[in-house]
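The values are calculated or read from the model by the stated rules, or taken from the named source; none is laboratory data. Computed from a predicted structure; not experimentally measured. Here Cβ is always computed from backbone atoms with ideal geometry, including for glycine, and neighbour counts include all displayed protein chains.
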Amino acid sequence: MATSCTPAINLPRLSHHQKPVSATVNIDRSLLLQLDQCSDFSQLKQIHARMLRIGLFDDPYSASKLIQAAALSHFSSIEYAQKVFDRIPHPNLYSWNALIRSYASSQEPINALLIFIKMLCESDELPNKFTYPFLIKASALLSALPVGKGLHGMVLKSEFGSDLFVLNSLIHFYAECGCFDMAYRVFLSMQKRDVVSWNSMIMGFAQGGYTEESLDLFRRMEGENVKPNDVTMIGVLSACAKKLDLELGRSMHLYIRRNGIKETLILNNAILDMYTKCGSREDAKRLFDEMEEKDIISWTTIIVGYTRAGDFNAARSVFRTMPYQDIAAWNALISAYVQNGNPKEALATFNELQLRKKAKPDAVTLVCALSACAQLGAMDLGGWIHVYIKKHGIKLNCHLTTALIDMYSKGGALEKALEVFHSVESRDVFVWSAMIAGYAMHGCGRDAIDLFLKMQEAKVRPNSVTFTNLLSACSHSGLVDSGRDFFNQMEPVFGVVPGIKHYACLVDILGRAGNLEEAVDVIENMPISPGASVWGALLGACKLHGRVDIAERACSNLLELEPQNDGAYVLLSNIYAKSGRWDKVSELRKLMRNYGLKKEPGCSSIEVNGNVYEFLVGDNAHPLSKNIYLKLDEIASRLKSIGYVPMKSQLLQLVEEEDVQEQALNLHSEKLAIAFGLISTSPSQPIRIVKNLRVCDDCHAVAKLISKLYNREILLRDCYRFHHFKEGSCSCMDYW
DNA sequence: GTAGGGTTAG
């Protein structure tokens, strides 16, 4: 009989042939024993070769042992395991499980699921109680909710519907996917729960921000006589840290000591983290000094603790003394600088990182660096980082995409921001929101609204930030009706409850357009108490429309909330000045002096050849100061020759300057920066300037004229929006 | 003969 051409029939017979092989007991056992004891990769390869020679490989049991060693030992290589696996004629379930398990904890957990599908298609094996936890773990790592749900369904139809391990992995899976109700439902449905069930649920709740539920569960667990262990306490501490409850955290620390819970490195790190998050630098330091074993996480955590306490010197010195600065430690420093509004120091540290070449910047580093560039408007450097990302093949995740869009938008290159936006496949709510913000700050209100509509087509749910950006887009473009409509839709249509920021935007939209009565009406009917930003928006509108009556009320409310708000005094003083009430102006000045308040000095920065230069009012610290002032004189005389009259009333913005000089207007920081830009950049380049305050009327008018007289584009970002000066006019259409 | 839960940086 010619059986050779019908392997499908031959295959089952092979297993019969294997019997004699496994009957060679002596060689068999010793080799398998060696496999168990094998401690490195080369030994493994030798055993593999011997197994091939004696045909042991055809025995599924022996083969499974080899797979286990190849896939799961400490020297394992998943590629090798896969190759071995592919040569096994009939892998048994144990082998499938070993391979699936190995992939489930690999870099590409998706392969665990693919191998599972292969198993279902190509073998007669069915998943058992060991298979499911691996598959569910892979789904959790992938946050693949539909996959996990499908597996859950299979589990329920199988005989493992009440298996403790399977259900525990489901709790973890649902929590990981953010389905806390499902996780809890599985938890409640269990007939028997062990410490892992409780731990998974406690950690799930803690990470989902349900701190009360988490802590409640911890108390109930004791009532049900399940003894908490070190992992339990990590979850509980995470909840304390999220709650910022130092006292509770301390009591948990005590609980750990009293109950003899094993103080593992990870647990100590969690306690350390709790202390730093709850703001107790002292407790953190004490524990840190006590810890016998420390790892990179301990060091990073204490650095973060010091930066949160504002002690950058201490953070730096810990950083210097730690045994090895990995990228997370660098990131901790850099991100702390970024978040504390010190982008220059952030970039200096980023620079240092690259010079030392000890650690490689990762996506987080680049997000931080880009955010620093965005704050500074340092587009050259930001663009360089973009090139770096491309060159190193770093994939754009949503964080990076958002950071790039933000950097380009704030640097004035809206087109580049759009390029990035369109180039990526996945866009989460932050990516969309950042792009809407980009349109908003450039005064493209219509485009922002269009994008918002496209976002809905893409089925991405807007959040509170999205609406802040959308409303500010309406404000910058004077889209009063759209703004009002969107605001009214927020809660009923999108389920986003308007917060202070949204009310401030609405007041700004209405007030800016001159509907001051309606704006006041909105404030009076707010369900939450109007914060400083709301009164500030109203005050700003009063300045624009010269409404002294409402301004006084807005200002006094604002100062009640923020007595130190120098901007409020300045604005009100401007309003008085505009209506000629000099008595009130000097009264305000006196008041400010009595309170020891000073107007925040104007500061403009400009990036030239990758360096960021800052100018303060009347600054002459720059090496080219002399040339800058010569240029300013030249500008002044050219402006005069075409009949420009400086807006002297704007001088009143400089409240703190008692002895205002004749040239004071000319010394505004943005003018210095523009003059410097004119002499130090090539005529084809636009001049990009970032100012910390709002641009004044005179500087705005002068910039328009310079853009025409010198045929130069000027991109000026003030603390509020972009002004794109070109051929004598500004993109804001003088509406700002 | 195999398993499940954990801390840091945006």
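The set of residues in the stretch A:42-64 that are exposed (fewer than 15 other Cβ atoms within 10 Å of the Cβ) and without any contact (Cβ under 8 Å) to a residue 12 or more places away in the chain comprises A:SER42, A:LYS45, A:GLN46, A:ALA49, A:LEU52, A:ARG53.
Report the residue count in the stretch A:60-80 for those that are hydrophobic (A, V, I, L, M, F, W, C) and away from DNA strand B (no atom under 13 Å from the Cβ). Write out each step before concluding.
Step one: of the stretch A:60-80, the residues hydrophobic (A, V, I, L, M, F, W, C) are A:63, A:66-67, A:69-72, A:75, A:78.
So of that shortlist, the ones also away from DNA strand B (no atom under 13 Å from the Cβ) come out as A:75, A:78.
Number satisfying all stated conditions: 2.
Taken over the stretch A:128-154, the residue count meeting the criterion of being buried (at least 17 other Cβ atoms within 10 Å of the Cβ), within 13 Å of DNA strand B (Cβ to nearest atom) and not in a helix (DSSP H, G or I) is 1.
Restricting to the stretch A:173-204, and then to whatever is under 25 Å from the mean Cα position of the chain (by Cα) and away from DNA strand B (no atom under 12 Å from the Cβ), can you tell me which residue is farthest from A:ASP163 (Cα to Cα)? Among residues in the stretch A:173-204 that are under 25 Å from the mean Cα position of the chain (by Cα) and away from DNA strand B (no atom under 12 Å from the Cβ), the one farthest from A:ASP163 (Cα to Cα) is A:GLY178. With respect to the conditions (1) part of a helix (DSSP H, G or I); (2) among the small types (Gly, Ala, Ser); (3) at pLDDT below 90, A:SER317 lacks only one, and its number is (3).
Here the stretch A:206-230 is the region considered, the condition is being buried (at least 19 other Cβ atoms within 10 Å of the Cβ) and in a helix (DSSP H, G or I), and the residue that is farthest from DNA strand B (Cβ to nearest atom) is A:LEU215. Being surrounded by fewer than 22 Cβ atoms within 10 Å (Cβ to Cβ) and not aliphatic (A, V, I, L, M) is the filter; apply it to the stretch A:701-717 and report the residue that is nearest to A:GLY511 (Cα to Cα). If we take residues in the stretch A:701-717 being surrounded by fewer than 22 Cβ atoms within 10 Å (Cβ to Cβ) and not aliphatic (A, V, I, L, M), then A:LYS704 is nearest to A:GLY511 (Cα to Cα). For the condition more than 32 Å from the chain's Cα centre (by Cα), assigned to a helix (DSSP H, G or I), at pLDDT 85 or above and within 20 Å of A:VAL617 (Cβ to Cβ), A:LEU678 qualifies.
Whether any residue in the stretch A:318-327 is over 24 Å from A:LEU353 (Cβ atoms) and more than 9 Å from DNA strand B (Cβ to nearest atom) is what I want to check. Looking for residues that are over 24 Å from A:LEU353 (Cβ atoms) and more than 9 Å from DNA strand B (Cβ to nearest atom), one finds none in the stretch A:318-327, hence no.
For the stretch A:719-736, taking the residues that are under 32 Å from the mean Cα position of the chain (by Cα) and of a type in the set (Ser, Thr, Tyr), the one that is surrounded by the most Cβ atoms within 10 Å (Cβ to Cβ) is identified as A:TYR720. Per this entry, A:ALA270 is counted among residues that are under 19 Å from A:LEU215 (Cβ atoms), crowded, with 19+ Cβ neighbours inside 10 Å and among the aliphatic types (A, V, I, L, M).
Residue by residue, here is whether (1) within 13 Å of DNA strand B (Cβ to nearest atom); (2) over 18 Å from A:ALA329 (Cβ atoms); (3) assigned to a loop (DSSP other than H, G, I, E, B); (4) out of contact with any Ser or Thr (no Cβ under 8 Å at 6 or more places or on another chain) holds:
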{"position": "A:THR232", "(1), (2), (3), (4)": "yes, yes, no, yes"}
{"position": "A:GLU247", "(1), (2), (3), (4)": "no, yes, no, yes"}
{"position": "A:MET274", "(1), (2), (3), (4)": "yes, yes, no, no"}
{"position": "A:GLU282", "(1), (2), (3), (4)": "no, yes, no, yes"}
{"position": "A:ARG286", "(1), (2), (3), (4)": "no, yes, no, yes"}
{"position": "A:SER298", "(1), (2), (3), (4)": "yes, no, no, yes"}
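Quick check, is A:ALA372 within 18 Å of A:VAL465 (Cβ to Cβ) and not in a loop (DSSP other than H, G, I, E, B)?
Answer is no for this residue.
Only one entry in A:THR365, A:THR307, A:THR301 is among the polar types (S, T, N, Q), out of contact with any Pro (no Cβ under 9 Å at 6 or more places or on another chain), farther than 26 Å from A:GLU282 by Cβ and surrounded by 18 or more Cβ atoms within 10 Å (Cβ to Cβ), namely A:THR365. For the stretch A:155-172, enumerate the residues that are assigned to a helix (DSSP H, G or I) and either near DNA strand B (Cβ under 7 Å from one of its atoms) or touching a helix residue (DSSP H, G or I) at 6+ places or on another chain (Cβ under 7 Å) (or both). If the condition is that a residue be assigned to a helix (DSSP H, G or I) and either near DNA strand B (Cβ under 7 Å from one of its atoms) or touching a helix residue (DSSP H, G or I) at 6+ places or on another chain (Cβ under 7 Å) (or both), then A:VAL155, A:LEU164, A:PHE165, A:VAL166, A:LEU167, A:ASN168, A:SER169, A:LEU170, A:ILE171, A:HIS172 are the ones that fit. Scanning the stretch A:92-113 for residues that are within 12 Å of DNA strand B (Cβ to nearest atom), modelled with pLDDT of 90 or more and more than 23 Å from A:PRO60 (Cβ to Cβ) gives a single hit, A:PRO109. Looking only at residues in the stretch A:5-38 that are surrounded by 10 or more Cβ atoms within 10 Å (Cβ to Cβ) and part of a loop (DSSP other than H, G, I, E, B), the one that is modelled with the highest pLDDT is A:CYS38.
Being acidic (Asp, Glu), within 21 Å of A:ARG193 (Cα to Cα) and more than 31 Å from the chain's Cα centre (by Cα) is a property that A:ASP163 has.
Each residue in the stretch A:684-709 was checked for being basic (Lys, Arg) and at pLDDT below 85, and 1 of them qualify. If you go through the stretch A:565-613 and keep only what is under 31 Å from the mean Cα position of the chain (by Cα) and among the polar types (S, T, N, Q), you end up with A:ASN565, A:SER604, A:SER605, A:ASN609, A:ASN611. Going by what's in this entry, would A:GLU345 be described as outside any loop (DSSP other than H, G, I, E, B) and either under 24 Å from A:ARG717 (Cα atoms) or within 11 Å of DNA strand B (Cβ to nearest atom) (or both)? Judged against the criteria, A:GLU345 is a match.
Here's the yes/no breakdown for (1) out of contact with any strand residue (DSSP E or B) (no Cβ under 7 Å at 6 or more places or on another chain); (2) part of a helix (DSSP H, G or I); (3) surrounded by fewer than 17 Cβ atoms within 10 Å (Cβ to Cβ); (4) touching a residue at least 12 places away in the same chain (Cβ under 8 Å):
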residue: A:LEU572; (1), (2), (3), (4): yes, yes, no, yes
residue: A:ALA577; (1), (2), (3), (4): yes, yes, no, yes
residue: A:SER586; (1), (2), (3), (4): yes, yes, yes, no
residue: A:GLY596; (1), (2), (3), (4): yes, no, yes, no
residue: A:GLU600; (1), (2), (3), (4): yes, no, yes, yes
residue: A:ILE606; (1), (2), (3), (4): no, no, no, yes
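Every condition in (1) in contact (Cβ under 8 Å) with a residue 24 or more places away in the chain; (2) more than 9 Å from DNA strand B (Cβ to nearest atom); (3) within 21 Å of A:LEU248 (Cα to Cα) is met by A:GLY310 except one, and the failing one is (3).
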